[in-house]
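The values are calculated or read from the model by the stated rules, or taken from the named source; none is laboratory data. The model shown is predicted, which means the values in this text are computed figures rather than measured ones. Please note: Cβ atoms are built from the backbone with ideal geometry, for glycine as well, and neighbour counts cover all protein chains shown. Accessible surface areas use protein heavy atoms only, side chains included; no ligands, DNA or RNA. Shrake-Rupley method; radii C 1.70, N 1.55, O 1.52, S 1.80 Å.
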Amino acid sequence: MLIEEYISTDKPERGKILLVDDQVVNIKILHQLLHQDYDIHMATDGLKAIEICEKIQPDIILLDIEMPNLNGFDVCAKLKQRAETRSIAVIFVTGHFDLEKEVQGFQLGAVDFIHKPINPVITQARIKNQFKLKRQSDLLRSIALLDGLTGVANRRKFEQHTPTTWQHCLRDKLPISIVMLDIDFFKRFNDCYGHSKGDECLRKVAQTINSRARRPYDLVARFGGEEFICVMPNTDFDGALFVTQQIVDSIIALKIPHEGSDVMKFVTISAGLASVIPSQNMELQALIESADKQLYRAKSQGRNRVEAININAMAAAPERIEG
Ligand SMILES: [Mg+2]
């Protein structure tokens with residue numbers, strides 16, 4: 001996703017609020033108050049609340065403290081433990097003013113308290129304020145994870161995001177593919193055309209890669225100077241090879257002049273692909289290293305090409321020979 005898409009405010013998305021209370025009547029009151037301005041989701045127990053948070057990631061959760069089984073404090077603590085739900089703003093809804101409880105709530109990471117009986121004006125104002133803060137911090141967080149020059153994700157985003165993707169693929173037995181990409185003879189490009197043209201080239205290449213790996217869970221990140229990495233979950237070897245070849249072809253199609261290149265008179269890119277269905281005895285780092293090894297092969301075999309490895313097929317091969 002590009003930076004412009006983050007900061008475009010033409011049509012602000014409606015906020016999502018999750019109402020959690022074991023008393024349906026309390027949920028009804030809040031629903032009545034908020035449904036015109038926000039998308040409302042509801043839960044009557046803590047476990048269900050956590051499940052909904054993981055699934056839809058609401059902006060704000062209005063959380064009753066006193067509930068049977070998992071109480072509001074337990075729910076809040078669990079949400080703050082997980083990266084996916086950590087940034088949800090928790091507002092506790094409590095029956096009576098209790099200083100000790102409020103201290104405990106804020107220590108657990110809550111952003112505010114609302115007291116029952118619900119005062120409509122105060123409640124709406126507090127939620128509006130928290131929603132505004134939530135949007136601002138979401139924006140800052142997303143900008144901090146973007147590469148300022150190219151607008152694609154930065155390496156930090158890659159490092160934060162990819163272990164989670166890996167875990168999902170491991171759990172659901174899905175293939176995952178990683179592509180390492182490196183612009184050919186980029187140092188010579190900078191020497192020949194200057195750094196300003198170099199930056200322009202990086203931007204075009206990054207956005208072209210981004211436009212090819214464009215499903216919601218694909219990630220394109222700038223890995224280093226002229227190096228990019230692409231993570232494609234739920235993508236097998238054949239599918240990833242197809243996309244990677246498309247990326248290589250579409251970089252040539254940009255026809256960015258490159259007199260210093262030994263490959264052709266336009267900018268080209270080399271790609272190393274590695275695919276695997278993760279298993280418990282395998283690590284993400286090994287997949288990244290495999291992709292890097294393939295990139296090295298692509299470079300040594302003439303550049304402007306894809307070299308690829310299907311790790312599962314490699315592991316299966318010796319068995320076939322023995323059989
Ligand atoms: Mg209650």
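Quick notes
- Trypsin sites (Lys or Arg not before Pro) lying in DSSP loop within segment 24-117, provided at most 16 other Cβ fall within 10 Å: Arg82, Arg86
- Span from the segment 79-138 Cα centroid across to the segment 32-74 one, whole angstrom: 12 Å
- The longest stretch of the chain left intact once loop-based chymotrypsin sites (Phe, Trp or Tyr not before Pro) with at most 16 other Cβ atoms within 10 Å are removed from consideration, loops following DSSP, is 98-216.
- Amide N of segment 109-139 lying under 13 Å from the label point, which is placed 7 angstrom from the Cα of Phe97 along Cα→Cβ: 114-117
- For the chain, the relative contact order works out to 13 percent when only alpha carbon pairs closer than 8 Å and six or more residues apart are counted.
- Only helical runs count toward this figure. For the chain, summing -39,500 (n - 2.57) over DSSP H runs of n ≥ 4 and dividing by all residues gives -16000 deg cm²/dmol at 222 nm.
- Value of D in µm² per second that Stokes-Einstein yields for segment 108-195, Kirkwood Rh from Cα pairs, at 10 °C (1.306 mPa s): 88 µm²/s
- P(r), alpha carbons of the chain - 10 Å bins starting at zero, rounded %: 5, 22, 24, 19, 16, 10, 4, 0
- Candidates Glu51, Glu200, Glu100: whichever shows maximal mean-square fluctuation once the chain is modelled as a Gaussian network with Cα springs under 10 Å: Glu100
- Pairs from the list Lys28/Lys48; Lys80/Lys204; Lys78/Lys134 with a Cα-Cα gap above 28 Å: Lys80/Lys204.
- Contact order, relative form, for segment 155-316: 30 percent (alpha carbon pairs under 8 Å, 6 or more residues apart, mean separation divided by residue count).
- Within the chain, antiparallel bridges make up roughly 45 percent of the DSSP beta bridges whose residues both belong there.
- Within the shell of other residues whose beta carbon sits under 14 angstrom from the beta carbon of His35, the net charge comes to +1, with Lys and Arg scored +1 and Asp and Glu -1.
- Lys/Arg +1, Asp/Glu -1 at C-beta; segment 3-144 dipole; positive extreme among Val103, Gln136, Ile17: Gln136
- Kirkwood Rh, angstrom, segment 155-316 [1 / mean 1/r, Cα pairs]: 15.8 Å
- Gap separating the Cα centres of segment 154-227 and segment 230-304, nearest whole Å: 10 Å
- Extending 7 Å from the Cα toward the beta-carbon at both Thr164 and Gln246 defines two label points whose distance is 2.5 nm.
- Across segment 3-144, C-alpha contacts under 8 Å between residues 6 or more apart give a mean separation that, scaled by the residue count, equals a relative contact order of 22 percent.
- Under Karplus coefficients 6.51, -1.76 and 1.60, residue-wise ³J(HN,Hα) of segment 195-200 in Hz, glycine/proline x: 5, 5, 5, x, 5, 4
- Counting protein heavy atoms only, the chain has 53 percent of its accessible area on carbon and sulfur, 1.4 angstrom probe.
- Amide hydrogen neighbours beyond the local backbone of Ile256, cut-off 5 Å, H modeled: Val267
- Here is the size of segment 35-176 from its Cα atoms: Rg then Dmax, 17.3, 52 Å.
- The local environment of Gln23, defined by Cβ-Cβ distances under 13 Å, has a net charge of -3 under the rule Lys, Arg +1 and Asp, Glu -1.
- For segment 116-184, the set of trypsin sites (Lys or Arg not before Pro) satisfying both a DSSP loop assignment and a count of at most 15 other C-beta atoms within 10 Å is given as Lys173.
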